[in-house]
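Everything below concerns the one structure shown next.
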Amino acid sequence: MHSSVKLGRLFGVEIGIHYSWLIVFALVTATLALGYFRQEFPGWSSQDRWVVAAAASLLLFASVLVHELTHSLVAIHRGMPVESITLFIFGGVSNIKKEAESAFDELIVSVVGPGSSVVLGFAFYGAAIVAAGISEQLFVLLQYMAAVNILLAVFNMIPGFPLDGGRVFRAIVWYITGNMRRATKIAGTVGQGVAYLFIFGGLYMVFRGNFIGGIWIMVIGWFLSNAADMSVRQVEFQERFRGIRVGEIMNSHPTTVSPSISLRHLVEEFVLQRNLRAVPVVEGDQLVGMITLSDIRHVPQEQWDMVTVGEVMSGAGQLKTILPEDDLSKAVQALAEEDLNQLPVVRGRSLVGMLTRSNLIRFLKIREELGLRA
Ligand SMILES: [Zn+2]
């Protein structure tokens, strides 16, 4: 998920907030302070209301974070590395780098999130009982957080893939059928069904006069529908590349340049003549960097004779690379995640080939024309 602010790392997992979360913060704080608290507790000062409302928003944030961290830590424990957690308008996403290898792993990783929310809900409830004799404001805050966490667990257990409940459902179907791909399709279809229920339910509410509530439910339905669709397509897409090695389809004789040539030479002899947008830079057979059109554009044309490729290229240390033995699905994921057009294929520090988006497209086209299925 892009356009998010990074907060730091917890247990090695990067924590980020998507900008849409700021809307949630403002919305929750304002509706509590101006609506719920004002109606229910007219005796509270306006300062009390705003402080408790802001505290509730922050605790909501912490609750969602605990939920996602629980998913992430269990995933790491089961051998699935987690890159980051991003909190956004509908909750959080753990960016797990790998699909679960067994139905059991999937089940455990999915179910612990809502589990942690239930535990948190009861913990807040216990704290609320203790706080009851101390401060009304504190009691209300803690009781509210207890309800919010239970609600979080219930919402996430809706059986719409890719929500936790949908993942649990997929894990069960996967366990029964022994086929992850089919289970994903079934879970995705059920997820679509749940999404339509939300959309039509919301529409019904709008017609009955509950405009805001109805729209909100419809938006959730729309979000669920998109998410289900995307998850299913992602799994299918990765499945098409599974079991094929990068080395089988890469370009094993890529055009390379030396770091000592001038930009003018590079542009005239390589970029224009051979229609290249990115050229790996090598010394001997060692990859030392990569130069792209945007690196060249940063240098004014008058200086192209004086500036060398080595001075403006991205160094090898900054490049994402891949091994010839790597699975193609891994390469596809890397290209998509980093929004790259090409990946240098290396063994040790030597460049052995280049894998580009057009390699992949050609590969898919040929398979399709031959009528080959994954
Ligand atoms: Zn979850």
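Could you list, in sequence order, all residues of segment 264-292 that are among the aliphatic types (A, V, I, L, M) and more than 25 Å from Ser350 (Cβ to Cβ)?
Listed by number, the residues that qualify are Val267, Leu272.
Would you point out which residue out of Ser63, Ser57, Ser46 is over 24 Å from Leu151 (Cβ atoms) and polar (S, T, N, Q)?
Result of the check over Ser63, Ser57, Ser46: Ser46.
Do we find a residue being closer than 22 Å to Phe61 by Cβ, out of contact with any strand residue (DSSP E or B) (no Cβ under 6 Å at 6 or more places or on another chain) and part of a helix (DSSP H, G or I) anywhere in segment 163-180?
yes
Could you identify the single residue in Glu239, Glu248 that is under 30 Å from Ile199 (Cβ atoms) and among the acidic types (Asp, Glu)?
Glu239
Name the residues in segment 290-300 that are surrounded by 14 or more Cβ atoms within 10 Å (Cβ to Cβ) and either on the phi > 0 side of the Ramachandran plot or not in a strand (DSSP E or B) (or both), would you?
Scanning segment 290-300 gives Asp295, Ile296, Val299.
Does Val111 satisfy being surrounded by fewer than 16 Cβ atoms within 10 Å (Cβ to Cβ), of a type outside the set (S, T, N, Q) and assigned by TED's automatic domain parsing to the domain that holds Val52? Even if it seems obvious, please write down each step before you answer.
Working: surrounded by fewer than 16 Cβ atoms within 10 Å (Cβ to Cβ): no; of a type outside the set (S, T, N, Q): yes; assigned by TED's automatic domain parsing to the domain that holds Val52: yes.
No: the conditions fail for Val111.
Tell me which residues, restricted to segment 119-162, are closer than 18 Å to Gly193 by Cβ and part of a helix (DSSP H, G or I).
Answer for segment 119-162, where residues must be closer than 18 Å to Gly193 by Cβ and part of a helix (DSSP H, G or I): Phe155, Asn156.
Given Leu34, Leu7, Leu60, which one is within 29 Å of the chain's Cα centre (by Cα) and open to solvent by 60 Å² or more (accessible area, probe 1.4 Å)?
The unique qualifying residue is Leu7.
State whether one or more residues within segment 123-143 are open to solvent by less than 20 Å² (accessible area, probe 1.4 Å) and either under 26 Å from Glu83 (Cβ atoms) or within 14 Å of the ligand (Cβ to nearest atom) (or both).
no
The values are calculated or read from the model by the stated rules, or taken from the named source; none is laboratory data. None of these values were measured; they are calculated from a predicted model. Cβ atoms come from the backbone with ideal geometry, glycine included; neighbour counts cover every protein chain shown. Side chains are part of the model used for accessible areas, which takes the heavy atoms of the whole protein and leaves out ligands, DNA and RNA. Shrake-Rupley method; radii C 1.70, N 1.55, O 1.52, S 1.80 Å.
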